[in-house]
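Visitor: There's a structure below that I have some questions on.
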Amino acid sequence: MAGIPRGEAMEEAGGAQAIRVEDLTVAYGEKPVLWDVDLEVPQGVLMAVVGPNGAGKTTLIKAIMGLVEPVAGSVEVFGKPYREQRRLVGYVPQRNSVDWDFPTTVLDVVMMGRYGALGWLRRPGRTERHLALEALEQVGLTEFAGRQISQLSGGQQQRVFLARALVQDARIYLMDEPFQGVDATTERAIVSLLKGMRAAGKTVVVVHHDLQTVPEYFDWVTLLNVRRIASGPVDTEFTDRNLRLAYGGRVSYLTHHTHGETDPGAGG
Amino acid sequence: MDLLDLPVRIFSDYTLRSVALGAAVLGVANGALGSFAVLRRQSLLGDAISHAALPGIALAFLLTGSKASLVLLLGAAAAGWIGTLLVLGIVRNSRIKQDSALGLILSVFFGFGLVLLTYIQRIPTASQAGLDKFLFGQAATLLKRDVQTIAVLGGVALVLLMVFWKEFKLLSFDPEFGATLGFPARSLDILLTTLLVVAIVIGLQTVGVVLMSAMVVAPAAAARQWTDRLGVMVLLSALFGALAGVAGALVSGAAARLPTGPTIVLCLTGIVAVSLFLAPNRGLVWGWVRERGSRRELRVDAVLADLRILAMQHEGEERAHPIEVLRTMAVGHGGVDNSLRVLEERGLARQTESGDWTITARGMEEARRQSGTREEAE
């Protein structure tokens, strides 16, 4: 699928979007976290999900995977309910969602990405080991395979989670803040990994915090603040107006940003 | 009654052997399943389950009039289970947090159980019920068929733990990721908790409801100190549990009818203490040794840096300096004498015949290198 322009890839899949979310509403107790969200993610895009704290970004990707029960709405993956397509969707949770002092090794964690394909009761073997080592090489952690996971830096832990997702060999990846608190090396590694995934025809949805890097890293964007503010190509949707709608005018980035290129002056 | 005879008597004395076997099985089961409880931060759940089991035992006796261990254990398991479900229900449907919910259920069920026990002992026909052994445990009361029940139930729990090993590991490390792979966290949680209930229930007659949670938590906590692998941790924990169980059961049986629970807990305390202090890497003693070592290294580096400063102040001439000067410079940290000795051994400093100290050429180089890396780090 590599190299096919996105429009054609979509048609090839019978026009089915990679992910289609309809009328999704999620509430924790009385408080709505997502309100009537419609969303279409075309195949082969690198999409950032941005929005202020509490905008429901994490909830959105958890709801797509059925990890939180929606009040209303439906989710389709390649035209079928998520439940039937589970194997096609890989997940990179927030790094701090697990206890990194758990007694296990880097290789072991990465092999967990194969558990879904293995199914119930079957144990990981040489094939899984081999795939996990390959993925570790891709994220540059080969020499850490035997390490206990608490001995890793934050950026390395993040890359372990990415490797675990890579061995899932999914077609769609949902990532929750993979850039959160990582070092520059890891950030570069993740970006090149993401672009490699897009080149291989994967669809990647990333919950993202750093507005400045959106035009540089992503080609598709969804702005979220409980409701969907905008969703589409970065070039047309990542605008001052939409950002102000999403953030309520509290974004210092607004005055500086330009499309599609890095702006060194955007730091203020 | 001689404790030294015990090892011999295990092999000759039939009763003793079956008591030891029962204690070993319940120790293995609780050690293994306790590992998962500890890693999932559910240590207190074991306490709640065991206390909640007491009214179940009493009610099972009142309803059936039977003291057969299987009947009583079924009652215990049912009550332990209901207690666990209530804890989950309270947490899910109210603002009460898990620790408070555990405390509530634990004390309410235990209190109710004590009331029932007192009532049972007042019934004239049941005066010999002897259910109070479930409070602090009495291994000597284990009959052959009790041990059989323990062995079968414990064995089943352990087999299931091994069968679902991969799933339980995933559940314990990252349940949400597991759910996205198609391993439902809720069902696995229920299964694993049920196995824990089984392990706890088979230990109640030997260890007692009051101290049973030690059997769940202590072996696992000790085992975690020694290893960074889940498999090794579970094996070690099972071994520690069995050791403490057997030792406690035998000692309590031999020595003037001591209750077994407290004896086992004393054995566990020994294992935990040794592990906490002496385990490599995680042990406190090694931590102290490492800290002392690095503190000494820092002092040595500081003295070397002082020597370099002195040498640079008197550039061109090789001058030795009395130790008092170095002591004055080393305000805030002692051990100047020792540090100089270490430097001398490494050939970085030299003592002159007059007893004064000077830096060597190699010392100069080393000190420059160190100050370089320090500045780089800043």
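The values are calculated or read from the model by the stated rules, or taken from the named source; none is laboratory data. Everything numeric here is computed off the predicted structure, so don't read it as measured data. Cβ placement follows ideal geometry from the backbone for every residue including glycine, while neighbour counts extend to all protein chains displayed. Keep in mind that these areas ignore ligands, DNA and RNA; they rest on the heavy atoms of the full protein, side chains included. Shrake-Rupley method; radii C 1.70, N 1.55, O 1.52, S 1.80 Å.
Visitor: Out of everything in the range B:256-306 that is in contact (Cβ under 8 Å) with a residue 60 or more places away in the chain and surrounded by 12 or more Cβ atoms within 10 Å (Cβ to Cβ), what residue ends up being farthest from residue B:344 (Cα to Cα)?
Guide: So the residue we want is B:259.
Visitor: Can you name every residue in the range B:149-184 that is more than 12 Å from chain A (Cβ to nearest Cβ), surrounded by fewer than 19 Cβ atoms within 10 Å (Cβ to Cβ) and in contact (Cβ under 8 Å) with a residue 12 or more places away in the chain?
Guide: Quick first cut of the range B:149-184, residues more than 12 Å from chain A (Cβ to nearest Cβ) only: B:149-159, B:161.
Filter once more, keeping what is surrounded by fewer than 19 Cβ atoms within 10 Å (Cβ to Cβ): B:151-152, B:155-156, B:159.
Result: B:151, B:155, B:156.
Visitor: Give me the residue from the range A:206-251 that is surrounded by fewer than 17 Cβ atoms within 10 Å (Cβ to Cβ) and small (Gly, Ala, Ser) and, out of that set, farthest from residue A:52 (Cα to Cα).
Guide: Per the stated criteria, the residue is A:249.
Visitor: Could I ask something else about it? Looking at A:151, A:157, which one is at negative phi, surrounded by fewer than 16 Cβ atoms within 10 Å (Cβ to Cβ) and either of a type in the set (Asp, Glu) or modelled with pLDDT of 90 or more (or both)?
Guide: On the way: A:157 fails: surrounded by fewer than 16 Cβ atoms within 10 Å (Cβ to Cβ).
Every option except A:151 fails the conditions.
Visitor: Report yes if some residue within the range B:208-224 is at pLDDT 95 or above, among the polar types (S, T, N, Q) and closer than 30 Å to residue B:166 by Cβ; otherwise report no.
Guide: no
Visitor: Pick out, from the range A:35-108, the strands (runs of 3 or more DSSP E) lying fully within it that include 1 or more residues that are within 14 Å of chain B (Cβ to nearest Cβ). Before you say what the answer is, go through the steps one by one.
Guide: Numbers: elements: A:46-50, A:72-77, A:89-92.
Here the list reads A:72-77, A:89-92.
Visitor: Moving on. So, residue B:220, is that one closer than 25 Å to residue B:50 by Cα, among the hydrophobic types (A, V, I, L, M, F, W, C), within 14 Å of chain A (Cβ to nearest Cβ) and touching a residue at least 60 places away in the same chain (Cβ under 8 Å) or not?
Guide: yes
Visitor: Determine if the range A:161-181 includes at least one residue that is part of a helix (DSSP H, G or I), of a type outside the set (Asp, Glu) and surrounded by fewer than 17 Cβ atoms within 10 Å (Cβ to Cβ).
Guide: Checking the range A:161-181: not a single residue is part of a helix (DSSP H, G or I), of a type outside the set (Asp, Glu) and surrounded by fewer than 17 Cβ atoms within 10 Å (Cβ to Cβ).
Visitor: So is residue B:252 in contact with an Asp or Glu (Cβ under 6 Å, 6 or more places away or on another chain), assigned to a helix (DSSP H, G or I), among the hydroxyl-bearing types (Ser, Thr, Tyr) and farther than 30 Å from residue A:146 by Cβ or not? Please lay out each step first, then the result.
Guide: Working: in contact with an Asp or Glu (Cβ under 6 Å, 6 or more places away or on another chain): no; assigned to a helix (DSSP H, G or I): yes; among the hydroxyl-bearing types (Ser, Thr, Tyr): yes; farther than 30 Å from residue A:146 by Cβ: yes.
So residue B:252 fails the test.
Visitor: Still on this structure: Just one of (1) open to solvent by 30 Å² or more (accessible area, probe 1.4 Å); (2) more than 14 Å from every other protein chain (Cβ to nearest Cβ) trips up residue A:114, so point out which.
Guide: Here residue A:114 meets the rest and fails (2).
Visitor: Out of the range B:185-237, which residues are small (Gly, Ala, Ser) and open to solvent by less than 10 Å² (accessible area, probe 1.4 Å)?
Guide: Result: B:199, B:203, B:208, B:220, B:222, B:223, B:237.
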